[in-house]
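Single-structure report; data block below.
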Amino acid sequence: MVSDNRDVSIYSKPSNSLPVLALAMLLGGCLLQLQPVLQWVIWCEAEMLMLLPITLLLLVFSKLPRMLLMFFIGYLWALLYAQIYLSQQLPESLVGQDLVIQGVISDVPEYTEKSTRFNFNIERVVDQTEGFSVDPKVSSVRLSWYYHQQALQPGERWQLTVRLKPPHGMQNPGGFDYEKWLLNQGIHATGYVRKDQSNHRLEAASASIDRLRQSIMQRIRSLSDTEYQGLLLALTIGYKSQIEPQQWQRLIDTGTSHLMAISGLHIGLVATLVFFLVRHLSPARLPFTLTAQQLAALVSLFVAGFYALLAGFSIPTQRAFVMLLVMLGAILLKRPAFSLNTLSLALIVVLIINPFSVLQAGFWLSFLAVLIIGILTGGRPKVNGQGRIARLSKGLRLQWMIALGMLPLTMVLFQQASVISPLANLVAIPLIGFVQVPLVLLASLLNLFTHEASVVLFQVASWLMSVIWWSLEWLSNTPHASVYLPASSPVASVLALIGGTILLLPAGLPGRYIGVLLLLPVLFVKLERPLSGEFWMSVLDVGQGLSILIRTRDHALLYDAGDRFSERFDIGERVIVPFLRYQGIKQLDAMMISHKDRDHSGGASAILRHIPVKQLLGYRDENMQMLSGQTHRHCRKGDSWNWDGVRFEVLHPDREYSKSNNRSCVLKISSGDSSVILPGDIASSVERQLVKAYGTRLKSQVLVLAHHGSSTSSSSQWLQQLTPALVIASAGYKNRFGHPAESVRKRLEMHEIPMLNTASAGAIQIKISPDMGNQLLQVNRQRKDVVHYWNHRF
């Protein structure tokens, strides 16, 4: 985009200190997001709304430092948003109750083999038996409707009987924060639709952009080539749930996953393409007051807005459109499109629209990309007077530098760096941004008039995607294409960001390449690990399932692998592998699958795909071979080994059992007089056998409750023999089995044994040394140690 002679360099002094004010507002909003709990919660929204105008008046007329006032405004605005969101969350008193709600389907539903998932804006909650309304202070919920055959349309009004729960997700180090994602989406509760005769549609949907989006989805799903439908849906309407896990992994390995999320990159590329096309096709003089540049800005803004609406005007597209609106607005006013002032104004507008934006990685990546463009072009991306080869060369260099400049931030945010990312993006960005995206946009427009032509263009887009995908597959097969980094310290992360900034400074500046040295701490992280004779145990939060990591000084064993709910939600893929990489574990010396139940074995295949496993141990069952695809050893009573002064001993099974639970591998880990027992899902009958066989040898500091705390396990005799200082239950929040059972809780109280539950504590990490004696265990709980105001407390 070209501006006139009044363009100002990106390095010029900002007028009216707008960049300073924007930065102050950003810092104020970030401070609020760092708080574990909200301050000033006694203030109601009305009082805060009165304080904000007063602060704005002080900003305009007071002699107080404007930077301080802007910081205060940023903090207060974010606090107001956070308080409103928390005030609308579902009360614990309504969890598990049947509620009859009326409202509107607010987005395009997601379809799987078993369920339909959709966002639902609640208009009222009706208690039909009493005939009056109940207000749970919930406005938007995310629902699953299992085995529902009728197609749902966005905009339809329904009455539904549902069961809801507050936003709750698994909490693990290095894991995805589902509760933060729901906060960003404005979802106040999740739940499912109950089978009930009162469920019925109240009103049909009217014409809307979401109806158009669903129509486009149907056209893409009608294509004969199904392999790339998920990718096309993501590029066209921002519908990413149909992308296959293997495809996501390919995108991550090549550093191109951002290309499948409609964001600032796509909208900016489309706007740039339209801008230059209109600019060069327009006559030198127009029969109205607009210049060719202004006309190009208006047309590109219209196309970008249409694309943002197709993507559901999600938060990333809102942010991208606002940034584009400010920059194109600058061109309409004949001001520089790329300058610190325009970027700062865009930042302020984005923070006003949604202060939660700072919680998204895309927020930082988007503004960093625009800042890099401004730095590299000096605020004036000129093209006039240059040959095509020169323009192409500069464009490729700009794209290459953007990829390199964003690499340090992606390393810090995702603990992963794609070595081939610059090359992969060099190939993929032009093809997707300047060819694929305009193609699907044109197909979407034609869908309004002729379905046949729309399908033909989508078919062409599918063929083009196969070409792009072939190139990405070829690049991803390069050895060490992607590098996963362990968690780095805050200091190393800050140094990496400073180093990346220094490398982007103009060529010729002295000491510029010192930035490379500042990147080294995040690349070569020295991880803490157990001393010889010590072992660390991490009971992961995997919902209703089990997965435990045992680490010694130089070895690691994973006991069980969690559940696999579907092809697109595998605990091994979503939780365990990210945790292992976050901990810097590149391979497992052993993985033990206690028994064949899916909540213990479901994630094993995904782990084996991503993490090398030297030895696989498991139950005696032919399905184990099918599960793993590699040879394994059966668990046998009496098997034992030593790692770094820590003893591992298999206590069970000693023979075949008819019930799968009773065939569980029971593992004891000992260091000196300190030990832990992992019993799988054994029942009380097996507990009695173990008590009879081992007696006082069973005494342990830590016990993981068998069968997630089921009433069929954890007998009084078993607890009395082990006398643990702590027991841990790995159970899902409000699980349908009621684990841990009330009878087990009472037995623990009777024996005065404290219990931790992953549902309320998150991942539980314990450090055990041989000389602990009766000292208190060093226990870390994810929900206690890493606390944010949006995290669920109960």
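Where a number appears in this text, it was derived from the coordinates with a stated rule and is not lab data. Quantities reported herein were computed from a predicted structural model and do not represent experimental measurements. Glycine gets a Cβ as well: all are built from the backbone with ideal geometry, and neighbour counts include every protein chain shown.
With both labels modelled 7 Å from their Cα along Cα-to-Cβ, the Leu298 to Arg568 distance reads 4.1 nm. What you get for the chain, charging only the Cβ of Lys and Arg (+1) and of Asp and Glu (-1), is a dipole of about 1420 debye around the Cα centre. What is the distance in Å between the Cα centres of the stretch 167-221 and the stretch 525-554? That distance is 36 Å. As I understand it, the dipole of the stretch 134-235 uses +1 on the Cβ of Lys and Arg and -1 on the Cβ of Asp and Glu, about the Cα centre. Which of Ser198, Leu212, Gln153 lies farthest toward its positive end? The listed residue farthest towards the positive side: Ser198. Matching the structure-derived percent of Cα pairs over 53 Å apart against the labelled list (1) 21; (2) 49; (3) 17 gives the label (3).
Go through Val539, Gln247, Val303 and say which Cα lies farthest out towards the positive end of the charge dipole of the chain; charges sit on Cβ, +1 for Lys and Arg, -1 for Asp and Glu. Looking along the dipole axis, the top candidate is Val303.
Note on Arg512/Val786: beta-carbon distance plugged into 1/(1 + (r/R0)^6) with R0 of 45 Å gives a FRET efficiency of 0.80. Relative to the longest principal axis of the Cα atoms of the chain, the long axis of helix 18-34 makes an angle of roughly 20 degrees.
The calculated FRET efficiency for Met750 paired with Leu523, based on their beta-carbon distance and R0 = 56 Å, is about 0.60.
Taking amide H as placed 1.01 Å from N in the peptide plane, Val419 has its amide H under 5 Å from the amide H of Ser482, Val483, each at least 5 places away in sequence or on another chain. Between 0 and 90 degrees, the angle of helix 490-503 with respect to the longest Cα principal axis of the chain falls at about 30 degrees.
Against the longest alpha carbon principal axis of the chain, how many degrees, from 0 to 90 and to the nearest 10, is the axis of helix 264-281 turned? So the helix axis and the longest Cα principal axis differ by about 20 degrees. Placing dummy labels 7 Å off each Cα toward the beta-carbon, the span from Leu290 to Phe313 is 2.1 nm. Each residue of the stretch 728-735 is assigned a 3J(HN,Hα), and the resulting list reads 10, 10, 9, 9, x, 5, 6, 5 Hz, derived from the Karplus form 6.51 cos²θ - 1.76 cosθ + 1.60 (θ = phi - 60°), x at Gly and Pro. Residue separation of Glu123 and Gln246 scaled by 0.36 nm, minus their Cα-Cα distance, works out to 40.3 nm of gained length. Site pair Arg736 and Lys614 shows an inter-label distance of 4.1 nm when each label is modelled 7 Å from Cα along Cα→Cβ. The phi-based Karplus calculation (6.51 cos²θ - 1.76 cosθ + 1.60; θ = phi - 60°) puts the 3J(HN,Hα) values of the stretch 188-202 at 9, 6, 10, x, 9, 8, 7, 6, 7, 5, 7, 5, 7, 7, 8 Hz, whole numbers, x for Gly and Pro. Extension gain, Ser466 to Leu31: 0.36 nm times the residue separation minus the Cα-Cα distance gives 152.1 nm.
Charging the Cβ of each Asp and Glu at -1 and of each Lys and Arg at +1, and nothing else, the dipole of the stretch 707-758 about its Cα centre rounds to 200 debye. Scalar couplings 3J(HN,Hα) for the stretch 475-482, obtained by applying the Karplus form with A = 6.51, B = -1.76, C = 1.60 to θ = phi - 60°, are 5, 5, 7, 5, x, 6, 5, 10 Hz; x denotes Gly and Pro. Grab the beta carbon distance between Ser93 and Ser206, set R0 = 41 Å, and tell me the FRET efficiency rounded to 0.05. Step by step, r from the Cβ atoms, then E = 0.70. Placing +1 on the Cβ of each Lys and Arg and -1 on the Cβ of each Asp and Glu in the chain, which of Leu519, Val349, Val138 has its Cα farthest towards the positive end of the resulting dipole? Final value for the positive-end residue is Leu519.
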